[in-house]
Each structure stands twice: as structure tokens, then as C-alpha cells.
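Peer 1: The structure is given below, and queries will be raised subsequently.
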Amino acid sequence: MPQSDAGLDPAQEQGLVEAWDRAAAPAARRLMIAAVEAFAARGYHGTSTRDIADRAGLSPAGVYVHFASKEELFYRITLVGHQQTLRSALEAEAASGPAASAAERLRAVVAAQTAFEARHHTTARVIEYDLPCLSPEHFIEVNALRRQITAVVRGILADGVKSGEFDVPDVDGTALALLSMVTDVARWFPANSRQTPEQLGRLYADLALRMAAPHGTRAADAPGH
């Protein structure tokens, strides 16, 4: 979904530099950042390697020093993005503590994931909408990470049902609904939003608990409510 004003703001660009610090050499990072901007503005199919090279201040041949093709460049962006997303979910759940209830864990994960999507909205939008452009082999690898992210939320919901905290007849469907709600943030943020990523995360965490515990179970007692 190309965006006419899809340039990276300084905070997003710094976030990408930090995320890719160990994943790529400096010139490759420049190309990855340039590619995110180009894909966001024109879409994957509307972007040429020359477009990316121009944004990075390199010659078109310079792209192929680091990446065999435009698809490989997009794959590297997508792979690292999903690795970071999975790490964010796992760290948020772990930070809630070993004795945390399912409600506390769900609140922590949804809040963290929503804020992550908002902070990195340009990259997240590119990854989400151009995912089918990956080669079959690369799609399988990235989709495995997506399944792991879903498994984190599904596991929390299942634990909540078992403990009586949640009333969720369809755990799989609810997990997908929650993650769809979270990932959609990248589509519209920050347009018409007066909330920071962290504030949005808290709002979405409240919504997630209302979905999982609609009858006012112990989810309402989670910290921060």
C-alpha cells in the first residue's frame, strides 16, 4: 500500500539502524533504510533497484555488492523485522514475571506489540502489505516466525481459559483477531492520532482484555487497568 508521504522520521530511521546494527554492514544498512522508504512510497513492484540506490547515495551496481536482487533486499528487511517483532513479544511476556497471570501477560504483550508497530509503522506497513512479494522459500522462513508470534498470544489465551480468567470459545480465532488489530496500527498510524505509541499500546491492551474477558473476570485486576 504505497504512501505519498511515507518517508522515515528520525526516530524510525534510528530504530532501523539499531535493529540492523548486527545484521548488516553500514552500506547494506543504508540500502535497507533506503529500500524501506522506496517501498513505502511506491510499493515493491513500483520500486526499482535504481530508486533504492539513488536514495542511498550509491550507484545501481552498488546494490548488488550487498544483495543479489531486489527480492533478497526485501527478504532481509522482512526477516529482521519479524525477528524483532517476535523478540519484542517474548521479552514483554518474560518481563511480566514468572508468577504473572494470563491477563497480565496478555496486557504486556499486546501493549508492547502495539507500541512496536506504531514506532516502526513505515517498516511494518511495507512488510505487511508486500509480504506476498517474497520468493516461496523466503516466505516459508518468514511465515515460520509469524506462526511463532501467533503462538505466543495463543498460548496466553489458552492459559487464561484454563485458569478461568478468560472466556474465549475459539482460542485460535481470537489470537488471529487480536494480532490483526495490532498489526493494522501500521496502516494508519500516526494519521489523526494524538496518542504516543505507548498510550496506544495501553489502549489496545485494554481492548484485548475486554475481548478475552468480556464478563469482567480477573483480567480487570491486571496492573495498569
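Peer 1: Please name which of Ser96, His45, Leu58 has its Cα lying farthest along the dipole of the stretch 45-97 towards the positive end, using unit charges on Cβ (Lys, Arg +1; Asp, Glu -1) and the Cα centre as origin.
Peer 2: Farthest towards the positive pole: Leu58.
Peer 1: Taking R0 as 25 Å, what FRET efficiency do you get between Leu203 and Lys162 from their Cβ-Cβ distance, rounded to the nearest 0.05?
Peer 2: With a Förster radius of 25 Å, E is 0.40.
Peer 1: Quick one: net charge of Ala151's neighbours, Cβ under 15 Å, K/R +1, D/E -1?
Peer 2: Around Ala151, the charge tally is +2.
Peer 1: Sorted by average packing, counted as other Cβ atoms within 10 angstrom per residue and highest first, what order do 116-127, 61-72, 38-49 take? If you can, show how the numbers build up before the last one.
Peer 2: Details: 116-127: 24.7, 61-72: 15.8, 38-49: 19.0.
Ranking the peptides 116-127, 61-72, 38-49 by packing returns 116-127, 38-49, 61-72.
Peer 1: While we're looking at this one, here's another question. By per-residue mean of other Cβ atoms within 10 Å, what is the highest-first order of 106-114, 187-195? Please report the intermediate quantities before stating the final value.
Peer 2: Details: 106-114: 26.4, 187-195: 12.2.
Top of the packing list down: 106-114, 187-195.
Peer 1: Please give the net charge around Ala38, taking every other residue with its beta carbon less than 9 angstrom from that of Ala38, where Lys and Arg add +1 and Asp and Glu add -1. All intermediate terms of the calculation are to be shown ahead of the outcome.
Peer 2: Numbers: positive: Arg42, Arg55; negative: Glu37, Asp51, Asp54.
Neighbourhood net charge equals -1.
Peer 1: With charges set only on the Cβ (+1 for Lys and Arg, -1 for Asp and Glu), what does the dipole of the stretch 73-195 come to about its Cα centre, in debye to the nearest 20?
Peer 2: The calculation lands at about 340 debye.
Peer 1: When all alpha-carbon pairs of the stretch 70-216 are counted, what percent fall beyond 17 Å?
Peer 2: Values: 6430 of 10731 pairs.
When every Cα pair of the stretch 70-216 is considered, 60 percent fall beyond 17 Å.
Peer 1: Order 171-179, 131-139 from most to least packed using the mean count of other Cβ atoms within 10 Å. Intermediate values should be presented prior to the final figure.
Peer 2: Working: 171-179: 17.1, 131-139: 13.8.
Answer by packing, highest mean first, reads 171-179, 131-139.
Peer 1: Right, next: I want to verify the translational diffusion coefficient of the stretch 17-129 in µm²/s; compute it with Stokes-Einstein, Rh as the Kirkwood radius over Cα pairs, at 37 °C and 0.692 mPa s.
Peer 2: Calculated translational D: 216 µm²/s.
Peer 1: Using a cut-off of 13 Å between beta-carbons, work out the net charge of the residues near Ala111 (Lys and Arg +1, Asp and Glu -1, Ala111 not included).
Peer 2: Every neighbour counted, the sum reads -2.
Every number in this text was worked out from the coordinates using simple rules, so none of it is lab data. Quick caveat, the model's predicted, so the values are computed rather than measured. Every residue, glycine among them, receives a Cβ derived from its backbone with ideal geometry; neighbour counts consider all protein chains shown.
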